Amino acid sequence: MDERTFDRSGQHASVIGLGTWQLGADWGDVDDKQALTILEAAAESGVTFFDTADVYGDGRSEQTIASFLSGRPDLHVLVATKMGRRVEQIPENYVLDNFRAWNDRSRRNLGVDRVDLVQLHCPPTPVYSTDEVFDALDTLVAEERIAAYGVSVETCAQALTAIARPNVASVQIILNPFRMKPLREVLPAARAAGVGVIARVPLASGLLSGRYTKDTVFPENDHRTFNRHGESFDQGETFSGVDYTTGVEAAAEFAAFAPEGYTPAQLALRWIVRQPGVTTVIPGARSPEQARANAHAARLPELPEQTLTAIDDLYERRIKNQVEGRW
């Protein structure tokens with residue numbers, strides 16, 4: 001699989017990576033054996049970028065990645081984790097002592113002395129404008145606790161603030177055919193600055209797979225049940241912030257655009273990969289088959305112009321007004 005570079009850090013990632021929130025929690029149950037088979041399928045399909053966080057299963061996702069990689073010393077995988085969501089979300093908690101403690105825990109979970117890439121995990125907006133926060137992250141690099149750092153954001157405005165920071169290596173942002181606003185400002189700014197873009201929630205929490213209907217029932221421990229209206233964290237993380245009924249209807253239209261040889265999910269991933277400025281996209285997977293199919297999207301033919309036009313039109317008609325004012 002093709003790899004792209006985080007220019008500021010010199011690190012490389014496969015254009016399609018693997019998001020591992022599903023392997024920790026909040027997407028229903030995935031047992032340890034199944035989680036390891038998903039990681040194996042992704043790696044065997046050419047994936048060289050795993051994204052995780054210290055709160056995914058309270059460290060379970062990080063530990064699962066460590067268990068898998070310890071048995072595969074032949075693999076060269078860039079592992080990115082995130083920190084900051086294990087405490088009350090106030091700017092005062094984003095300080096060096098806490099960073100060191102959170103980093104110590106992640107390094108133990110991942111079984112490494114230095115973490116490849118650490119991202120602030122969608123912190124309060126003032127954090128992105130606080131010099132001391134980024135001085136503290138620079139200290140973690142100087143102490144060789146981390147190789148590089150980035151941010152995960154909810155809004156385009158947060159992304160642009162972070163990109164202006166000289167040592168931010170990456171910005172992780174929601175980007176998919178139901179969330180196009182980053183295309184206009186964030187991606188061009190990131191390209192100009194040499195900042196990598198990690199596209200998350202690429203399938204709009206599964207909507208863009210075309211598998212769900214208005215009658216689909218998700219498990220109680222799935223965020224698509226308990227966070228549908230932003231009850232537990234930012235609503236934009238669930239179905240990209242799109243109303244579920246609207247999303248299901250729009251997803252049915254989207255599925256009809258898939259060219260021969262594509263699944264709807266692969267169409268969404270291939271659309272993201274082709275956007276200038278995207279470094280890697282991180283779909284999750286709940287089975288080895290999903291992990292392989294996601295990775296295969298990088299090898300599919302270029303999308304026809306009429307397909308791209310249809311996707312743009314669908315967004316303008318059905319989705320834009322629901323999401324652009326908030327994120």
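The values are calculated or read from the model by the stated rules, or taken from the named source; none is laboratory data. No experiment lies behind these values; they were computed from the predicted model shown. Cβ placement follows ideal geometry from the backbone for every residue including glycine, while neighbour counts extend to all protein chains displayed. Note: accessible area is taken over every heavy atom of the protein model, side chains too, but ligands, DNA and RNA are not part of it. Shrake-Rupley method; radii C 1.70, N 1.55, O 1.52, S 1.80 Å.
Contact map, the stretch 210-226: residues that are free of Cβ contacts under 8 Å to residues at least 40 places away in the same chain and under 13 Å from Thr246 (Cα atoms) paired with residues that are open to solvent by 40 Å² or more (accessible area, probe 1.4 Å) and in a helix (DSSP H, G or I), Cβ distance under 7 Å, separation 6+ or inter-chain. Pairs shown: Lys214/Thr245.
This table checks each residue for (1) more than 24 Å from Glu154 (Cβ to Cβ); (2) touching a strand residue (DSSP E or B) at 6+ places or on another chain (Cβ under 8 Å).
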| site | (1), (2) |
| --- | --- |
| Gly71 | yes, no |
| Leu78 | no, yes |
| Gly84 | no, yes |
| Val87 | no, no |
| Ile90 | no, no |
| Ala101 | yes, no |
| Arg108 | yes, no |
| Val115 | no, yes |
| Thr125 | no, no |
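In this structure, Phe134 does not qualify as in contact (Cβ under 8 Å) with a residue 40 or more places away in the chain, surrounded by 14 or more Cβ atoms within 10 Å (Cβ to Cβ), part of a helix (DSSP H, G or I) and more than 16 Å from the chain's Cα centre (by Cα). Among the conditions (1) open to solvent by 50 Å² or more (accessible area, probe 1.4 Å); (2) under 21 Å from Asp51 (Cα atoms); (3) in contact (Cβ under 8 Å) with a residue 40 or more places away in the chain, the only one that Arg105 does not satisfy is (1).
A single entry from Asn167, Asn176 fulfils the requirement of being in contact with a strand residue (DSSP E or B) (Cβ under 9 Å, 6 or more places away or on another chain) and open to solvent by 10 Å² or more (accessible area, probe 1.4 Å): Asn167.
Screening the stretch 203-244 for residues that are among the β-branched types (Val, Ile, Thr) and more than 22 Å from Lys181 (Cβ to Cβ) and picking the one that is most open to solvent (accessible area, probe 1.4 Å) gives Val217. Pairing each residue of the stretch 39-68 that is farther than 19 Å from Ile16 by Cα and open to solvent by 30 Å² or more (accessible area, probe 1.4 Å) with any residue that is in a helix (DSSP H, G or I) and at pLDDT 95 or above, provided the two are 6+ apart or on different chains, yields C-beta distances under 6 Å for Gln63/Asn109.
Evaluating Val151 against the criteria (1) of a type outside the set (Ser, Thr, Tyr); (2) in contact with a helix residue (DSSP H, G or I) (Cβ under 8 Å, 6 or more places away or on another chain); (3) surrounded by 18 or more Cβ atoms within 10 Å (Cβ to Cβ); (4) in a helix (DSSP H, G or I) leaves one unmet condition, (4).
Given the structure, is Asn227 out of contact with any strand residue (DSSP E or B) (no Cβ under 9 Å at 6 or more places or on another chain) and under 30 Å from Pro124 (Cβ atoms)? Step through it out loud before you land on a result.
On the way: out of contact with any strand residue (DSSP E or B) (no Cβ under 9 Å at 6 or more places or on another chain): yes; under 30 Å from Pro124 (Cβ atoms): yes.
Against the criterion (out of contact with any strand residue (DSSP E or B) (no Cβ under 9 Å at 6 or more places or on another chain) and under 30 Å from Pro124 (Cβ atoms)), Asn227 qualifies.
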